[in-house]
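Visitor: Questions regarding the structure given below will be posed in turn.
The values are calculated or read from the model by the stated rules, or taken from the named source; none is laboratory data. The model shown is predicted, which means the values in this text are computed figures rather than measured ones. Cβ sites come from the backbone with ideal geometry, for glycine too, and all protein chains shown count toward neighbours.
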Amino acid sequence: MSEDSAADGGWADNGSRRRDGAEPGTEIAVAGQDDIGALVGEILDAGDTDSKRRAGLLGRLAAALSGRARAARDGGAAGGRWLADMFANEIAPRIPVRDRETLMRHHEGLDGEDLADALARNASHATTTVGAAGGALAAVQFTAPPLLLSAPAQIVAETVVVAAVEVKLIAELHEVYGAPAPGSRLQRTSGYVAAWARKRGIDPLSAGESLSVTLGAAAKAALRRRLLRLMGRHLSTLGPYLTGAVAGGALNRAATRALAESVRKDLRGRGLPDAPATRGLDSDGDEAGSELTRGR
């Protein structure tokens with residue numbers, strides 16, 4: 001299967017918001033106009049709510065993505081390209097990133113390596129939770145043949161949420177290690193997205209190349225490849241009953257831990273700061289954060 005067909009194929013024409021009282025994956029109404037960036041933010045903020053709520057939010061996101069995919073396909077846009085554009089332009093700028101001082105406050109005064117450990121642990125838990133929710137919803141759909149074709153939409157929803165959690169992790173690790181990306185809010189966002197695509201920390205020597213308001217052609221191509229690889233990994237977890245939930249959660253946890261270690265290895269050589277670093281991506285001064293990644 002080609003990259004584009006992997007991203008476009010199998011989108012369902014039924015489906016966006018489940019009606020109240022319906023079990024996840026069993027009753028889907030006509031597609032709505034949910035804001036994709038806002039939905040991802042809502043999922044990040046959902047925290048350790050029950051599995052039905054998580055599955056419901058992922059179902060809404062999948063439906064919104066399904067409608068967007070159909071529109072992109074009708075307009076002749078390649079699947080990987082529209083997915084990368086949407087993530088870079090609509091989702092990434094909405095990811096809340098806390099500065100070091102706020103992170104310390106949210107984690108009971110932890111700092112340095114201890115704080116970085118907590119961030120990596122919480123992000124791994126978050127992606128595990130998302131993977132389990134997505135896998136459980138896909139498992140329900142395997143028992144309902146008319147809804148089977150919507151499974152790829154659920155996988156893309158899981159993919160963009162996991163990517164958002166990991167971009168947030170990368171940004172906050174840069175804060176912890178006293179190496180936040182320079183520039184405007186949008187420049188920092190672009191830098192962290194590009195870092196996620198490479199699975200590395202931001203290289204200060206080449207920051208000028210990557211920290212533009214919008215991603216350049218090379219960075220966007222890397223983002224596209226990374227998203228499609230991540231989606232392919234999630235497709236491999238589709239299966240009946242709860243096998244997909246278990247596999248999806250385990251794979252996400254391992255991958256997020258590996259990403260955190262790779263980025264931390266890059267950042268350790270720069271030394272830890274002695275004073276609070278610059279502010280996070282929220283430019284209004286509010287405490288940015290989510291229940292999924294806030295210390296407990």
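Visitor: Scan Ala221, Ala194, Ala245 and give me the residue that is modelled with pLDDT under 60, of a type in the set (Gly, Ala, Ser) and part of a helix (DSSP H, G or I). Quick ask: steps written out before the conclusion?
Guide: Details: Ala221 fails: modelled with pLDDT under 60; Ala194 fails: modelled with pLDDT under 60.
Residue meeting the stated conditions: Ala245.
Visitor: Do you know which residues across the stretch 53-74 are within 12 Å of Asp35 (Cα to Cα), of a type outside the set (A, V, I, L, M), touching a helix residue (DSSP H, G or I) at 6+ places or on another chain (Cβ under 7 Å) and in contact (Cβ under 8 Å) with a residue 40 or more places away in the chain?
Guide: Arg60
Yes or no, residue by residue, for (1) part of a helix (DSSP H, G or I); (2) modelled with pLDDT of 90 or more; (3) surrounded by fewer than 24 Cβ atoms within 10 Å (Cβ to Cβ); (4) not basic (Lys, Arg):
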position: Ala72; (1), (2), (3), (4): yes, no, yes, yes
position: Gly80; (1), (2), (3), (4): yes, no, yes, yes
position: Phe87; (1), (2), (3), (4): yes, yes, no, yes
position: Val97; (1), (2), (3), (4): no, yes, no, yes
position: Ala118; (1), (2), (3), (4): yes, yes, yes, yes
position: Val130; (1), (2), (3), (4): yes, no, no, yes
position: Leu148; (1), (2), (3), (4): yes, no, yes, yes
position: Pro152; (1), (2), (3), (4): yes, no, no, yes
position: Val156; (1), (2), (3), (4): yes, no, no, yes
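Rundown of residues vs (1) modelled with pLDDT of 85 or more; (2) surrounded by fewer than 24 Cβ atoms within 10 Å (Cβ to Cβ); (3) over 13 Å from Ile91 (Cα atoms), yes/no style:
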position: Lys168; (1), (2), (3): yes, no, no
position: Ala171; (1), (2), (3): yes, no, yes
position: Ala179; (1), (2), (3): yes, yes, yes
position: Arg200; (1), (2), (3): yes, yes, yes
position: Leu211; (1), (2), (3): no, yes, yes
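Visitor: Turning to a different aspect of this structure: Using beta carbons and a limit of 7 Å, which pairs, at least six apart or on different chains, have the first residue in the stretch 102-129 and of a type in the set (D, E, K, R) and the second one at pLDDT 95 or above?
Guide: Listed by first residue and then by second, the contacts come to Asp111/Met104.
Visitor: Could I ask something else about it? Asp274 - would you say it is at pLDDT below 75 and farther than 19 Å from Thr129 by Cβ?
Guide: Numbers: at pLDDT below 75: yes; farther than 19 Å from Thr129 by Cβ: yes.
Here the answer is yes, as Asp274 does meet what is asked.
Visitor: Quick check: anything in the stretch 37-52 surrounded by 21 or more Cβ atoms within 10 Å (Cβ to Cβ), at pLDDT 90 or above and part of a helix (DSSP H, G or I)?
Guide: Of the stretch 37-52, the ones surrounded by 21 or more Cβ atoms within 10 Å (Cβ to Cβ) are 39-40, 43-44, 46.
If we keep only those that are at pLDDT 90 or above as well, we get 39-40.
The next check asks that each one be part of a helix (DSSP H, G or I); those that pass are 39-40.
Yes, that holds for at least one residue.
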